[in-house]
Structures are given as C-alpha cells and as structure tokens.
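Worksheet for the structure shown next.
The values are calculated or read from the model by the stated rules, or taken from the named source; none is laboratory data. This is a predicted model, so every value here is computed, not measured. Here the Cβ positions follow ideal geometry from the backbone for every residue, glycine too, while neighbour counts run over all protein chains shown. Heavy atoms of the whole protein, side chains included, go into the accessibility calculation; ligands, DNA and RNA do not. Shrake-Rupley method; radii C 1.70, N 1.55, O 1.52, S 1.80 Å.
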Amino acid sequence: MEKIVVSNSGQLKGSVYIDGAKNAALPIIAASLLGTEPIILNNVPKLSDIEVILEVLQSLGAKIEHLDKNSVKIDSSNLNGYEAPRDLMNRMRASFLVMGPLLARFGKTMTYLPGGCAIGKRPIDLHLKGFKALGAEIHEGIDKVEAISKDGLKGDIIYIDFPSVGATQNIIMAATLAEGETIIENAAKEPEIIDLVNFLNKLGANIKGAGTSAIRIKGVEKLYGGEHTIIPDRIEAATFMIASAITNGDIVVENCIANHVMPIIAKLKEVGCKVIINEDKDELRVIGTDKIVGTDIKTLPYPGFPTDAQAQFMALLTIADGQSKVTETVFENRFMHVDELLRMGAIIATDAREARIAGVPKLKGAEVKATDLRAGAALILAGLVAEGKTYISDIYHIDRGYDDIVGKMRSLGAKIDRIND
Ligand code: EPZ
C-alpha cells in the first residue's frame, strides 16, 4: 500500500507555485456540456478528481483533447446521451454537477445520487429544489434521480435555504439556457462561483451578481466556443501558508489571489505570523514565528473561514501556546482528523461541531490515516513538526486535491517521501 512518510523537517523556506483550483475546474468542466462549440481550459490542475469528471464527459460523447499538462480542449457538440455513468458518478460526488447542464441541454437527465462521504451525508435537496422551480419533474429512485422538463426550463426566483456551492452552480448551469430570467437568492459567494460565471459569460451567457447572494441569470439560446484560465486554488495556497506557520518557516506562495485567502491571512497574523502581500505579482509571503499563540476559528460559507482549510489550521493549533477552539458550521462530520492528531500526541476534545485544543510543545510521529482530502494535508503538516516519522496511509484522498504535494513540500526543504509499504 502506498504511504507518505514525513519526518521532522525544521523550517520550510523557499517559494511554491499554486495550481489551478480543483473546485473551479470541476464545475467549469461540467458546464462545458452546455456549449456546442469547442472550448479550451488552461491552468487545469492534474488531479484524480479532474480525470474522473473528464471521463464522465467522454462517456457522454464529449471529445477531450489534452493540449498540455494543464490545458484541455473539450468539444461537447455531439453528445450521445443524457445519462451519467453510475460507476463514475459513485467515484466522485462533484460528478453530480453534470445534472444541471444535461437538463438544460436535453430537457432531461438521469444521474446517480452522489455518495455521501466521510465529512457528511451531503444531501442534494437544494439542487433538486432549484430544478423543480425551473419546471423540471423530479423522480428519485433508490440511488438515482431523473429530471424531465417536457416543455423546457423556465426562469424563476429560487431561494436556497443554505448557500450551497454545488446547488448554486447546478442551478446557474440549468438556468443558463432556460427561457426567461432566474434569480438565485441566498446564493453561495465563493470565488469558484465567480470563475464559473466568468467562464459562462465568455461563452455568451448573461449572468450578473456572481459573488453576491443574489445571482441573476437571463436565459440565452446557445453558448459559443471560448477559452478560459482557471483561478488559483485558494485551499492549496492556504495549505502552504499554514506549512510556513507550523514550521516557523518563510515561504512565498506564488499564483495566489490574496483576496481569496483573507481569513487565513487574518488568522495567521492572530497566531503571530507575518504575512506580506504582493498584489501586483499575485503572490504573498508567510513568515512563521517560534511561538504560535492559540486562537479560535469558525468555518463559514465564503467569505468566512473556509471549511476546506479547517483541518490544516487545526494541525497548527495543536502546537500553539495556549487554548484554541475550532467550530465547524458547514459540515456535520468534519473532525475525522482529530483522532489521527490525537495519535500524534495532540490534546483535543470534541463535540459535534466544536473542537477544543490545548497546545502541546511537541507532536510525535505515528501511523495515521488520511480520512478525507484536507485531513490528509493536515497530517502532512503535523508530520513536518512531529518528533520521529509519521506514516500516512489512504493517501489517494490527498491525490484527489493536490498535484504532487510531496514534490512541492520537498522543494521547500521538507523531509517527505511516497513509499510502497
Ligand atoms: C463544495 O462542496 C466543495 N466541493 C467542497 O470541497 C467544500 O467543502 C464545500 O463546497 C463547501 O465550501 C467542490 O466544489 C467540488 P455545499 P459542495 O453544497 O458543493 C449542505 C474539498 O475538500 N447542503 O456548499 O458539496 C451540505 O450538507 C471539498 O475540496 C444541503 O443541505 O458543498 C453541507 O452541510 C470537500 N443540501 C453544506 O450544505 C444541498 O442540496 C455545504 O455543502 C446541498 C448542500
């Protein structure tokens, strides 16, 4: 079984280049099903999740051409069906993002219910609420869901009870070709929503208000071809910013939009780090400190502290001086990394949504398991400062969201390897 082994690495120093955002590339690739002319995407990260969604599109008849490591050409002009393949849908929840485009394109679609996963049951009620509001008839089976809109989708005002990222994206994509105007109220405001809308507008869509909680979509007849560069991955950036903090290092994070990581910058300053932003070069520098001070974080929908950086920041707080509190408000079960950090000597007590941490002077290396993609990253961070070696298994989770995190960490001075155990 493949594992990552991390040893105590001292201060990480140097610069690291951030890849394109996984959570922008996934919806944008799904959205390319809406168009009938070829599109080109640049800065697409090389991740297993991206391979899966490209396979889903291929199974639907789209032509995929890899132009280079991070650029892909997609031609959805001749799709052969509107039913997403079960095996691929089960491999990755985000494949559910093809439902909106297929419904818009064909007036019907059959997709398989996305699996829940370690961090929560991941319902899709808000996605379906949106499709129903646009006039689709929904038939839910045990593990699949069919949507049919006999006389085509018609715009409407849709309030989503939680600013769900995926539901906002799926409804935007369905409404893009609907008749009339759709308004999504209480929409998610993540940068990945803005990137999806910028992409769609480039192809001829008419969407305003992305980044606010009210998004207005005026349906158009068709979408044309175009080219788009995916925004940088703010969560990968956050991971390396925290790597500098936890090792008292000095890291320049390149290809990072500071505005997308404001909560991380604020919290790293609270714990005693220095953050120097260089706006004109889209990069920032994080200088650690030998005395991390405890603080509290609370995850919230954007622009609040991102749930996808919660595990990584918790790793930092386990070696802070003093008490800290982590409140997870977005997912109901996103503390799986706590048990693994406890095995490394951390002191953490949790209830459903809250973890209280008492900082310890040192963690110790242990055999641990990545329980989800961000938890895996957190264990790498903990391993960088733990005494001895840390062996991380189930690293396929990490490969879903990070392209060569081992190579990037090693280039900063980390003692880290992939091994076959
Ligand atoms: C996206 O997932 C991201 N994934 C997640 O990143 C991220 O953690 C999450 O947004 C929150 O920011 C992708 O973009 C591919 P949600 P998504 O719908 O869209 C509830 C990572 O590590 N909800 O905003 O699935 C849901 O239960 C991944 O890269 C409903 O109740 O997240 C959850 O509690 C992990 N009904 C909350 O909303 C619905 O119909 C947030 O979920 C949909 C969601």
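With a 1.4 Å probe and every protein chain left in place, work out the accessible area per residue of the stretch 380-421 in Å², rounded to a whole number.
Numbers: 1700 Å² over 42 residues.
Computed with neighbouring chains in place, this is 41 Å² per residue.
If you count the DSSP beta bridges with both ends in the chain, what percent of them are antiparallel, to the nearest 5?
Details: 56 of 81 bridges.
Antiparallel bridges: around 70 percent, rounded to the nearest 5.
So how long is each side of the stretch 103-242 along the principal axes, counting just the alpha-carbon atoms, biggest first, in Å?
So the three principal-axis extents are 50, 36, 26 Å.
Restricting to Cα atoms and excluding each atom paired with itself, what does the Kirkwood estimate give for the chain in Å?
21.9 Å
Normalising by the residue count of the stretch 258-388, find the relative contact order in percent from Cα pairs under 8 Å and 6+ residues apart.
21 percent
What does the accessible area per residue of the stretch 1-114 come to in Å², with a 1.4 Å probe and no ligands, DNA or RNA counted?
Ligands and nucleic acids excluded, the result is 35 Å² per residue.
Tell me the per residue accessible area of the stretch 123-195 using a 1.4 Å probe; a whole number in Å² is fine.
Accessible surface, normalised per residue, equals 40 Å².
Looking at the stretch 136-239, which GluC sites (Glu not before Pro) are in a loop (DSSP not H, G, I, E or B) and have at most 10 other Cβ atoms within 10 Å? Could you put the intermediate results ahead of the total?
Values: sites: GLU137, GLU140, GLU146, GLU179, GLU181, GLU185, GLU192, GLU221, GLU227, GLU236; in loops: GLU221.
Here the sparse-neighbourhood loop sites are GLU221.
Relative to the compact-globule scaling 2.2 N^0.38 Å, provide the ratio for the alpha-carbon radius of gyration of the stretch 235-357.
Normalised by 2.2 N^0.38 Å, the Cα Rg of the stretch 235-357 equals 1.01.
Whole Å is fine, so just give me how far the alpha carbon centre of the stretch 51-68 lies from that of the stretch 133-186.
Going from one Cα centre to the other spans 24 Å.
Taking a threshold of 30 Å on the Cα-Cα distance, which of the pairs LYS13/LYS73; LYS108/LYS208; LYS3/LYS281 fall above it?
Working: LYS13/LYS73 36 Å; LYS108/LYS208 26 Å; LYS3/LYS281 36 Å.
Checking Cα-Cα distances, LYS13/LYS73; LYS3/LYS281 exceed 30 Å.
Sort 409-416, 285-292 by the packing proxy (mean of other Cβ within 10 Å over each peptide's residues), most packed first.
In descending order of packing, they fall as 409-416, 285-292.
Within the chain, what whole-number % of the accessible surface is contributed by carbon and sulfur, with the 1.4 Å probe and all protein chains included in the calculation?
50 percent
Select from ASN186, SER213, PHE199 the residue farthest towards the positive end of the dipole of the stretch 166-220; place +1 on Cβ of Lys and Arg, -1 on Cβ of Asp and Glu, and compute about the Cα centre.
Of ASN186, SER213, PHE199, it is PHE199.
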